[in-house]
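For reference, the structure discussed in these notes is given below.
What follows is calculated from the coordinates using simple rules that are stated; it is not laboratory data. Note that the coordinates shown come from a computational prediction; the quantities given were computed from them, not determined experimentally. Here the Cβ positions follow ideal geometry from the backbone for every residue, glycine too, while neighbour counts run over all protein chains shown.
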Amino acid sequence: MSIEKTELNNDISRFLTFYINNECYGLNISNVKEIIASMNITHVPKTPKYIKGVINLRGTVIPIVDVRLKFAMKERAYDINTAIIINEIDNVSIGFIVDRVEDVLSIKHLALTQPPKFGESVDTSFIENVAQVDKDVIMILNLKKIFEQDELIDITQIKKSQDDN
């Protein structure tokens, strides 16, 4: 492989795109472990509302977060399009419920821009980049930054307590 080809490949990243409330979001595909259909979720008492509970996926207990609720959106009934994206954050698998999964896109780094600033009172730190693809704007998320550090610790503890049972 020539140097030119290698540089070209490094100028593109792949993102899994999905929808929440008719808005398109993306995740770097490198952290996505798998995508599964909505399944039975076991509720864990005394957890924040956005933590729907845990699932047992082939013997592994995985905490499940409803992204709509984490983003302070209205809860909606799950349907045939509802999916759970299993992502790895700090070596912990966490499932994220989304309205529907769309596609895997290869996006040139030149098409990625910094997210807009809305002032100090609006936290957009979890939006890593914004991509313009055709006529659509895709918000590329950093899932680790969606959570406060203590929330990630809580999610890890939920997984650990379920593993111990």
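A few points about this structure:
- Across the cross-link table entries K46/K70; K70/K135; K52/K117; K49/K74, which are compared at the Cα atoms, the separations over 21 Å belong to K70/K135; K52/K117.
- Of the GluC sites (Glu not before Pro) found in the stretch 1-107, the ones in coil according to DSSP and having at most 12 other Cβ atoms within 10 Å of their Cβ are E75.
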